[in-house]
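The values are calculated or read from the model by the stated rules, or taken from the named source; none is laboratory data. Note that the coordinates shown come from a computational prediction; the quantities given were computed from them, not determined experimentally. Don't worry about glycine lacking a Cβ; one is built from the backbone with ideal geometry, like all the others, and counts go over all protein chains shown. Quick note on the areas: whole protein, heavy atoms, side chains included, nothing else; ligands and nucleic acids left out. Shrake-Rupley method; radii C 1.70, N 1.55, O 1.52, S 1.80 Å.
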Amino acid sequence: MDKKIPLSRPEITKKDRKAVENVLKTTSLSFGPKIKEFEKKMASYTKTKYAIAVNSGTSGLHLVIKSLGIKEKDEVITSSFSFIASSNCILFEKAKPVFVDIDEKTLCINADKIEEKITKKTKAILVVHVFGQTCKMDKIMKIARKHNLYVIEDACEAIGGMYKGKKSGTFKDAGVFAFYPNKQITTGEGGMIVTNNQKIAKLCKSMRNQGKDEKKEQLSYLRMGYNYRMSELNAALGVSQLERINEILKKREKAANLYNRILRKIEGIEIPYVADNVKMSWFVYAIRLNSNKFNKKDRDKIMKKLDKKGIVSKNYFPPIHLEPFYVDMFGYKRGDFPVTEKVSDLIIALPFYNNITREEIKYVCDNLKKNC
Ligand SMILES: *Cc1c(COP(=O)(O)O)cnc(C)c1O
């Protein structure tokens, strides 16, 4: 195979293109009917009362933090094995992300280790549904209720995923989805907040648009806000993609199943774990090398060898707590979150997208096999 196999690839159909083109023929390029339609359809898909479209998942998380009144000196419990945005959104409001190590199998926050990190300053638990696996939400909800904490779900990787039949992002105060081109559905850039809480919805809606009084036609600003608006072009693409979400999730599941069938036979490779109560929404396909046989250097070497064969892979995720500015700010060091670090050292995200072919998957697996 002489072509390159990318890590991810958005699937844009003729209908998607048409939907965007149709917006370009109108005079409403922002804040028109498409954003309303996208929000309505996301609320209906997630069975929530309110959905608020924004220009990225990060913006959505920031607005949720802000709408809950989380501020300087407050603490938010979260995990370090994530995309950096889930932790940065806490720093935006000068609050402190307090990391809890992850569960070695699900890669989500280890619910059994949350309570020991709760202090008087703790305001919320921000869970990350890593790689499309919804966290152990019943345990997390129990802890939140007992200690009177908000629960924010970073469901940016988990649209359509479920825990015990309930959709990711809909468990408590608010959930956020993202539509960057590597996500299950894309709007180019974009995000969506979902909530059943009218107050959160109202604040997020106002703050995405400079803090405007949304009830008034005339310009009147009630609070400080941002420009986190989603354009009509992005919203139209979102509507079109959301229409075939079930088909998209099925395609991805099929690709993951094929990877699983081939790779489970290779000694030294651990295939992704899916908890009993979880319906995966496959975001990436990430394998782990067996720690008895491999170390971080081996992993990096394997990734280089794949790259030479035209296969793009990624060390998803490096631990947030070891990123230089987190080390500077909080003095974290290696050893602080051993499970996160161990997983990060040995993980490889493989090429994964809606229309990845059988041949491409086999080619990736053959090359992995040769090097493991
Ligand atoms: C994609 C993603 C986000 C949001 O990313 P944006 O690029 O801002 O849309 C947040 N958290 C996680 C875990 C993500 O994977």
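Whole-Hz Karplus values for the stretch 339-350 come out as 5, 3, 5, 4, 5, 4, 5, 10, 8, 9, 7, 9 Hz, taken residue by residue from phi with 6.51 cos²θ - 1.76 cosθ + 1.60 and θ = phi - 60°; glycine and proline positions read x.
Roughly what % of Cα-Cα distances in the stretch 99-153 sit above 16 Å, to the whole percent?
34
Annotation: amide H of Asp213 within the under-5 Å range of Ser220, Tyr221, Leu222, sequence separation 5 or more or interchain, hydrogens built in the peptide plane. Per-residue 3J(HN,Hα) values for the stretch 78-91, derived from phi via the Karplus relation 6.51 cos²θ - 1.76 cosθ + 1.60 with θ = phi - 60°, read 7, 10, 8, 8, 6, 6, 4, 4, 5, 9, 4, 5, 6, 5 Hz in sequence order (x marks Gly and Pro). Annotation: aspartates and glutamates with alpha-carbon distance below 13 angstrom to Lys305 (same-chain offsets under eight excluded): Asp366.
Among the chymotrypsin sites (Phe, Trp or Tyr not before Pro) in the stretch 200-280, those located in a DSSP loop and surrounded by at most 14 other Cβ atoms within 10 Å of their own Cβ are Tyr273.
For the chain, give the share of DSSP beta bridges that are antiparallel, in percent and rounded to the nearest 5; count only bridges with both residues there. In the chain, approximately 60 percent of DSSP beta bridges are antiparallel ones. With θ taken as phi - 60° and the Karplus curve 6.51 cos²θ - 1.76 cosθ + 1.60 applied, the whole-hertz 3J(HN,Hα) list for the stretch 29-36 is 9, 8, 6, x, x, 5, 5, 5 Hz, x standing for glycine and proline.
Among the listed pairs Lys250/Lys297; Lys15/Lys212; Lys49/Lys136, those with a Cα-Cα distance over 31 Å are Lys250/Lys297; Lys15/Lys212. Would you mind checking Lys142/Lys172; Lys164/Lys279; Lys66/Lys139; Lys293/Lys314; Lys254/Lys279; Lys73/Lys123 for any pair whose Cα atoms are more than 18 angstrom apart? Cα-Cα > 18 Å for Lys66/Lys139; Lys293/Lys314; rest within.
Over what distance in Å are the Cα centres of the stretch 294-329 and the stretch 99-177 separated? What the calculation gives is 26 Å, centre to centre. Entry note, the chain: the mean residue ellipticity at 222 nm calculated from DSSP H runs of n ≥ 4, each adding -39500 (n - 2.57), is -11500 deg cm²/dmol after division by the residues and rounding to the nearest 500.
In percent, how large is the relative contact order of the chain, given Cα pairs closer than 8 Å and 6 or more residues apart? Don't skip to the end; give the middle numbers.
On the way: 783 pairs, mean separation 83.2, N = 372.
After rounding, I find 22 percent.
Packing order of peptides 211-220, 363-372, 274-283, highest average first: 274-283, 363-372, 211-220 (average count of other Cβ atoms within 10 Å over each peptide's residues). In this structure, the amide hydrogen of Tyr150, modeled 1.01 Å from its nitrogen in the peptide plane, lies closer than 5 angstrom to those of Ala124, Ile125, counting only residues at least 5 positions away or on a different chain. Cross-link partners for Lys202 among the aspartates and glutamates, with Cα-Cα distance under 15 Å and sequence neighbours closer than 8 places in the same chain left out: Glu39, Asp173, Asp213, Glu214.
With both labels modelled 7 Å from their Cα along Cα-to-Cβ, the Lys71 to Lys293 distance reads 5.5 nm. Straightening the chain between Lys4 and Phe325 buys 112.2 nm, computed as 0.36 nm per residue apart minus the Cα-Cα spacing. Here Asp328 sits with roughly 130 square angstrom of accessible surface, probe radius 1.4 Å.
The amide H of Ile5, built 1.01 Å from its N in the peptide plane, has Ile311, Val312 as neighbours under 5 Å, considering only residues 5 or more places off or on other chains.
Got a sec? What order do Ser313, Ser8 fall in by accessible area at 1.4 Å, biggest, i.e. largest, first? Let's see the in-between values first.
Working: Ser313 20, Ser8 45 Å².
In descending accessible area the options line up as Ser8, Ser313.
With protein chains left intact and a 1.4 Å probe, residues in the stretch 245-371 average 50 Å² of accessible area per residue. What share of the DSSP beta bridges in the stretch 152-225 is antiparallel, in percent to the nearest 5? Taking every DSSP beta bridge within the stretch 152-225, about 70 percent pair in antiparallel fashion. Just to be sure I understand the curve: with the Debye formula and one point per C-alpha of the chain, what is log10 I(q)/I(0) at q = 0.10, 0.13 Å⁻¹? Treating every Cα as an identical point scatterer, log10 I(q)/I(0) equals -0.63, -1.06. Normalised by 2.2 N^0.38 Å, where N counts its residues, the alpha-carbon radius of gyration of the stretch 245-371 equals 1.14.
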